[in-house]
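Q: One structure, as structure tokens, below. Some questions next.
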Amino acid sequence: MKAGLKEEGGDGTLSRIDTSVSLAGLSMKTPVMTASGTCGYGLELVPYADLSRLGALVVKGLSVEPRRGNPPPRIIETCGGMLNAIGLENVGMEAFVAETLPRLADHETFIIVNILGESREEYGILIDRLGEQEGVHGFEVNVSCPNVQKGGIAFGSDPDTLEDLVRYLRERTQKPLIIKLSPNVTDIVDMARRAEGAGADALSVINTIRGMSVDPETRRPHLAMVIGGLSGPAIKPVALRMVWEVAAKVKIPVIGVGGILSGEDAIEFLIAGASAVQVGTAHFRNPAACIEVTEGIERYLERHGIRDVKELIGSIQLDPSPGP
């Protein structure tokens, strides 16, 4: 069966549902991807989910050197979501190339590597080294990291710094370049436009929202680092709004990220203008969540008699603006 097409029969008829989408030059069989940092390097999902059914696997963020991350406690469940302050713990570039990437080759899906650094040169090293690997099909750039060359300001919070980084990386690779935008900015649309103008192929919207939680009995923060990133259903309305705003103002594809638990959640993002979606925090509750979201999208298409998922992208119906 052709990737992205689902054939239905049973009553003597044949219907064909096309779930494929094109994203930054990648012909994905489904719009569903994993969100970086929520399922390790993907191998952790293998006992529970067939990775070949995904549009793409986005692996945990990688730095040039291994990182130990923050001290515990660094994850706490909150009402409708989760706070994490992992600190970007990862095995480092070389260990990923030597030990993990060869094992991912057995799974027929695109591998997108999330990269992070504290200077644009560190990002460049990652792009150069990982770009040589046949099994790496694209990059997602985490711009929420502090730029040590600019006094610790996050790459994704200053438009000029973001634009400079994207342009620098664009010159170093022809592989798809996806920028994961932070919601913790004054104007995410401006950041999106800057990234697009500098050469980004797509945008992931959004990263986590900064938050905290306190134990009222001890009067101490639940996280050792006090502040963490909020994810899960609690941030879905914010993510959906930002996807809608960004998708209306840029020409490159937008990937919707934030609080997706079901096929219906994913459909909302597609209708709002996303070309694809990422499933993240849901994996902590259900390691097969990405597959269940994929199946939920298929059921929605069948139920509504829609043959091609691309018909949904940006199909939101808005009432005319009220008169003066």
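Nothing in this text is a laboratory measurement; each read-out follows from the coordinates by a stated rule. Treat the numbers as computed from the prediction; the structure is a model and nothing was measured. As a convention, Cβ positions derive from the backbone with ideal geometry for all residues, glycine included, and neighbour counts pool all protein chains shown.
Q: Per 10 Å bin, what is the whole-percent P(r) computed from every C-alpha pair distance within the stretch 1-147?
A: Spelled out per bin, shortest first, that is 10, 35, 32, 16, 6, 2, 0.
Q: Follow-up. Counting DSSP beta bridges in the stretch 1-156, what percent are antiparallel, to the nearest 5?
A: Working: 13 of 23 bridges.
Here the share of antiparallel DSSP bridges comes out near 55 percent.
Q: On to the next question. For the stretch 1-144, calculate the relative contact order in percent as a whole number, restricting contacts to Cα pairs under 8 Å that are 6 or more residues apart.
A: Working: 240 pairs, mean separation 28.1, N = 144.
Once normalised by length, the contact order is 19 percent.
Q: Among the DSSP beta bridges whose two residues both lie in the chain, what percent are antiparallel, rounded to the nearest 5? If you can, show how the numbers build up before the last one.
A: On the way: 22 of 50 bridges.
Bridges in the chain that DSSP calls antiparallel: roughly 45 percent.
Q: Any of Lys60/Lys310; Lys180/Lys251; Lys60/Lys175; Lys29/Lys175; Lys60/Lys249; Lys29/Lys251 with alpha carbons more than 25 Å apart? Name them for me. Walk me through the intermediate numbers first.
A: Values: Lys60/Lys310 28 Å; Lys180/Lys251 16 Å; Lys60/Lys175 18 Å; Lys29/Lys175 19 Å; Lys60/Lys249 29 Å; Lys29/Lys251 22 Å.
Over 25 Å apart, Cα to Cα: Lys60/Lys310; Lys60/Lys249.
Q: For the stretch 109-194, with only Lys/Arg (+1) and Asp/Glu (-1) charged at the beta-carbon, what is the dipole magnitude about the Cα centre, in debye rounded to 20?
A: Working: 10 positive and 14 negative charges, 30 e Å.
Dipole magnitude for the stretch 109-194 comes out near 140 debye.
Q: State to the nearest 20 debye the size of the charge dipole of the stretch 272-324 about its Cα centre, where the only charges are +1 on K and R beta carbons and -1 on D and E beta carbons. Each step should come with its number before you reach the end.
A: On the way: 5 positive and 7 negative charges, 17 e Å.
That gives a dipole near 80 debye.
Q: Also, quick follow-up: What do the square roots of 5 times the Cα gyration tensor eigenvalues come to for the chain, in whole Å, largest first, as semi-axes of the equivalent ellipsoid?
A: 30, 23, 22
Q: To continue, here is another question. Ranked from highest to lowest mean number of other Cβ atoms within 10 Å per residue, what is the order of the peptides 18-25, 273-280, 57-64?
A: On the way: 18-25: 18.8, 273-280: 27.5, 57-64: 24.2.
The densest-packed peptide leads the list: 273-280, 57-64, 18-25.
Q: Right, something else. Relative contact order (percent) for the chain, with alpha-carbon contacts under 8 angstrom and 6 or more residues of separation? Write down the numbers at each step before the final one.
A: Working: 724 pairs, mean separation 60.9, N = 324.
Across the chain, relative contact order equals 19 percent.
Q: Another one. Write down the percent of antiparallel bridges among all DSSP beta bridges whose residues are both part of the stretch 148-231, to the nearest 5.
A: 60
Q: Using θ = phi - 60° and the Karplus curve 6.51 cos²θ - 1.76 cosθ + 1.60, what whole-Hz ³J(HN,Hα) does each residue of the stretch 67-83 get, with Gly and Pro shown as x?
A: Ordered by residue, 3J(HN,Hα) equals 10, 7, x, 7, x, x, x, 9, 9, 9, 6, 10, 5, x, x, 8, 9 Hz.
Q: Further question: Go through Ile267, Gly124, Ser52 and say which Cα lies farthest out towards the positive end of the charge dipole of the chain; charges sit on Cβ, +1 for Lys and Arg, -1 for Asp and Glu.
A: Looking along the dipole axis, the top candidate is Gly124.
Q: Given an 8 Å cut-off on Cα distances and at least 6 residues of separation, report the relative contact order of the stretch 102-142 as a percent. Show your work: numbers first, answer last.
A: Values: 37 pairs, mean separation 21.9, N = 41.
It comes to 53 percent, rounded to a whole number.
Q: Can you give the percent of C-alpha pairs in the stretch 223-294 whose distance is more than 18 Å?
A: Working: 998 of 2556 pairs.
Of all Cα-Cα pairs in the stretch 223-294, 39 percent lie more than 18 Å apart.
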